[in-house]
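Just below is one structure, and these are the notes that go with it.
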Amino acid sequence: MDTAAEIPMADPREPPTVGALFSGFLILGLTGFGGVLPLARRMIVEDRRWLTGAEFTELLGLCQFLPGGNIINLSVAIGLHFRGIAGALASLIGLIAAPTAIVVLLGFVYDRFQGDPHVQHLFAGLAAAAAGLLVAMAAKIAWPIRRRPVAIVIALACFIAIGWLRWPLLPTMLGLATLSILATWRLER
């Protein structure tokens, strides 16, 4: 009997080092100003291949359910997954160091020039670009669940409840998460 066929193969992806986590999230923090989730998915799934698209979607779903910023939660979860506490700290510090400095500087500039119509138009344009990034991200996150009817129904119900009906986020998420877990468990057992 061929024993090689019986032995499960190790994951072919090499786990990132603490330094790679720091530098990856540092670059992400510098380049993803205002719309980091689409760039995070590209870096984590497509460029560095730390996670698959499905793994990213599942982890992001968990991170969105937790209190705090989604990308902050995601950076900590990825760092913790690959390198424990050191990885979590490296990912978090890498992500927030440069943007924090930039926000402080921009705060000083905005405080001085906030009445300038050019600055107001600039921020309106940035808001439109951020909305476009969010729509692109939603499409990429939805792609891995396209063949899971329960997931699609839950996602649509969440969008309608929170986005259209304006139901409160926490009770809606708790209810839909519970419903999703029960439906998935029942269908996949």
Legend entry - Among (1) buried (at least 16 other Cβ atoms within 10 Å of the Cβ); (2) out of contact with any helix residue (DSSP H, G or I) (no Cβ under 7 Å at 6 or more places or on another chain) - the single one GLY107 does not satisfy: (1)
Legend entry - Members of region 125-147 found to be of a type in the set (D, E, K, R) and surrounded by 15 or more Cβ atoms within 10 Å (Cβ to Cβ), listed by number: LYS140
Legend entry - Test: residue in region 69-90 that is modelled with pLDDT under 85 and not assigned by TED's automatic domain parsing to the domain that holds THR178: no
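The values are calculated or read from the model by the stated rules, or taken from the named source; none is laboratory data. None of these values were measured; they are calculated from a predicted model. With ideal geometry, Cβ positions are generated from the backbone for all residues, glycine too; neighbour counts draw on all protein chains shown.
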